[in-house]
1. How many residues, within the stretch B:41-83, are away from DNA strand C (no atom under 16 Å from the Cβ) and not small (Gly, Ala, Ser)?
2. Taking interchain pairs and intrachain pairs at least six residues apart, which have beta carbon atoms under 7 angstrom, with the first residue in the stretch B:221-234 and closer than 19 Å to B:Arg107 by Cβ and the second assigned to a loop (DSSP other than H, G, I, E, B) and modelled with pLDDT of 80 or more?
3. Test B:Thr341 against the stated conditions and say whether it is more than 30 Å from B:Lys125 (Cβ to Cβ) and of a type in the set (S, T, N, Q).
4. Looking at the stretch A:20-46 only, could you name the residues that are more than 7 Å from DNA strand D (Cβ to nearest atom), within 42 Å of the chain's Cα centre (by Cα) and over 18 Å from A:Val9 (Cβ atoms)?
5. Determine if the stretch B:269-282 includes at least one residue that is under 30 Å from A:Ile77 (Cβ atoms), more than 14 Å from every other protein chain (Cβ to nearest Cβ) and more than 20 Å from the chain's Cα centre (by Cα).
6. Among the residues of the stretch B:235-257, is any within 25 Å of B:Val128 (Cα to Cα) and more than 10 Å from chain A (Cβ to nearest Cβ)?
7. Within the stretch B:153-174, identify whether any single residue is out of contact with any strand residue (DSSP E or B) (no Cβ under 9 Å at 6 or more places or on another chain), without any contact (Cβ under 8 Å) to a residue 40 or more places away in the chain, part of a helix (DSSP H, G or I) and surrounded by fewer than 23 Cβ atoms within 10 Å (Cβ to Cβ), and answer yes or no.
8. Just the residues that are within 14 Å of chain B (Cβ to nearest Cβ) and buried (at least 17 other Cβ atoms within 10 Å of the Cβ), please, taken from the stretch A:23-46.
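The values are calculated or read from the model by the stated rules, or taken from the named source; none is laboratory data. If you're wondering where the values come from, they're calculated on a predicted model, not measured in any experiment. Note: ideal-geometry Cβ built from the backbone for every residue, glycine included; neighbour counts use all protein chains shown.
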Protein chains: 2
Amino acid sequence: MESQSSGNVTLEQVAQHAGVSLATASRVLNGSTRQVGEKLRKKVMASAGELGYLPNASAQALARNSSSLVGLIVHDIADPYFSSIASGVTGRAEEEGLVVVLGTTGRTPQRETEILATLRAHRAKAVVLAGTRTVDEVGNRNLAAEIERFTAQGGRVACVSQGGLPADTVVPANREGAADLARRLITMGHRRFAVLAGPPDLRTARDRLDGFHGALSEAGIEPAYHDVVHGAFTRDGGYASTQRLLAAGTDATCLFAVNDVMATGAIAALRDAGLRVPEDLSVAGFDDIPTLRDLIPSLTTVRLPLEWMGQEAARLALTEAPAAQPRRVPAGAEVVLRDSTAPPA
Amino acid sequence: MESQSSGNVTLEQVAQHAGVSLATASRVLNGSTRQVGEKLRKKVMASAGELGYLPNASAQALARNSSSLVGLIVHDIADPYFSSIASGVTGRAEEEGLVVVLGTTGRTPQRETEILATLRAHRAKAVVLAGTRTVDEVGNRNLAAEIERFTAQGGRVACVSQGGLPADTVVPANREGAADLARRLITMGHRRFAVLAGPPDLRTARDRLDGFHGALSEAGIEPAYHDVVHGAFTRDGGYASTQRLLAAGTDATCLFAVNDVMATGAIAALRDAGLRVPEDLSVAGFDDIPTLRDLIPSLTTVRLPLEWMGQEAARLALTEAPAAQPRRVPAGAEVVLRDSTAPPA
DNA sequence: CGCCGGACGGAAAACATTTTCCTGGCTTTC
DNA sequence: GAAAGCCAGGAAAATGTTTTCCGTCCGGCG
């Protein structure tokens, strides 16, 4: 079997070899609605096996006006937040026999729209948008318009972490998680907080900041706005932001970084500045990145079920029937207290 | 512009709107060899813009017998080793205006062959195989055969980290790196070593083990084979392997884990067993995973240029002219001594 | 015994592009 | 001034499937 090696075998050749028509061969080899008699069916299968037939996916996509591609758009695949989500999406897609197309934006919102258009050109079956929204209104409108075009063409779209788009969305409890965290830290005895808030235009970062501040206000703590430092959403961003915070001086007893990789940078910066965590300053993060669970001191954080979120988004886009209204599936956030936080001295 | 919304605009419609033939429209909008007069060119461009024309990628792939897809096959995208490589590959591919298809094998060698066949069905332009080879001869032969088919069809293949396949390969200095590491540890004063060797059938794991043992032998140290523990190539594998090692008892002063994620698990297991690193036992890893650089104690390891390796593999597959002989591009490995190793007590 | 319906097979149209080949007009060159 | 290219443009073939539509055969039923 599979002896054939000369170039590519077409369905035509299989049909000829089996002595049947193109239509019959097609019906046997793709499992259409129509039945084919046992004898011919066997002949076709045998010929296909012998010739090593492999359907031309482009031709199929053209004829069906739909490909077996599923898009996945992330900011940066090297970021463990996105690679966890990606793992969930690919797992689900491969279960369905689909193929994942990975697009990375490098955090340029406009790239998201471009990639989505490319996926539309490929007649992708579905797309999962995992990059977090910005507050850029024009960009969001363009993206929404492109999503409309994509769905109009028969494709399905699901998002992770950003509401407001015309698509089903898995929404992590960013606000509530950050608020819970704040309450736990207050209970622990902290009253003065500094926040590494990430980029000001990133919705996810903002939501976490808002949730945190909201809980502080409820507890009668006025957030000290000079202790909110914006910076890149990365480990190095966390490091640099912390240095700026220390340079400016702060009387905070606890530092909240709006994601784990920034918290990692923060701890490194504090250590380099000769400060101990948590004795001199407590530090908390957000996400509970698996790779960072072995950090010392272990990081107090808010756990998101990242891989599940990816799976769920893929499920929404692939197996769920399209809904009239965009659906929202909440993803719980759970505070995990570990060693990087302690009662203030 | 881009006012059109009714379904999908075809080239035919653009041509009609512009009052030219299909051929002319095609020539304008895809930059073929043939020139088109300035007047018609402008008309076509205007019509395309106005109608919001987007070429049907499937039809293009069919007509050209080649798509704009680039495959990337990894074991597990959530593993930072692979996500770093993936980052390099996607970066390069997107520079070329290509689209990356991500396949994950879950460490099943046979899946690699399946995914490659799928990519052939899609007439992918190139594929980067990043999963490490096993010693499974049958599996490797099947994979090699599928690679031949893929290249026969006009596709290009490049590998990361595994020689022996009929494709260009970026080869990290696993042996030499491990040997260098061993020599540095010997210089430091260590004489008795234990090794977390990963899965016995994984070439990368074996090469590192061999290199390490080779350097020990050269220094007149007979490796203690009861202190070589095999286990999963993951953080939890490292944890479990270390527990087994401790349960069996060892007099080693230094523990070499053949990758960083295993080393991370090892440190956690040692800590849970009440042992201090490096005072009671030194630990070294391999890869220098960026996300793990903030570990405490910071990890002595062997640095591989992971992202560069991905870029380079993509470059070999995309821009380099196909060679008669499979090329091998070496990737240097550099020992990085940090705090997880110290002279033995 | 004839009719009808269902099931199965095949011819051909459709899918959206690229590309080959042809044609008519233009320039260039003796 | 005519022959010999050259070049832009268009008609049509080709790419490999799916799917519609039609024909035929067979069995069952009246």
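1. Adding up the residues that qualify gives 13.
2. If the second residue must be assigned to a loop (DSSP other than H, G, I, E, B) and modelled with pLDDT of 80 or more, the pairs left are B:His230/B:Pro199; B:His230/B:Pro200; B:Ala232/B:Pro199; B:Phe233/B:Pro199; B:Phe233/B:Asn259.
3. yes
4. A:Gly31, A:Thr33, A:Gln35 - these are the residues of the stretch A:20-46 that are more than 7 Å from DNA strand D (Cβ to nearest atom), within 42 Å of the chain's Cα centre (by Cα) and over 18 Å from A:Val9 (Cβ atoms).
5. No, because not a single residue in the stretch B:269-282 is under 30 Å from A:Ile77 (Cβ atoms), more than 14 Å from every other protein chain (Cβ to nearest Cβ) and more than 20 Å from the chain's Cα centre (by Cα).
6. So far as the stretch B:235-257 goes, no, none of its residues is within 25 Å of B:Val128 (Cα to Cα) and more than 10 Å from chain A (Cβ to nearest Cβ).
7. No, the conditions are met nowhere in the stretch B:153-174.
8. Once the filter is applied, which keeps residues that are within 14 Å of chain B (Cβ to nearest Cβ) and buried (at least 17 other Cβ atoms within 10 Å of the Cβ), the stretch A:23-46 yields only A:Leu29.
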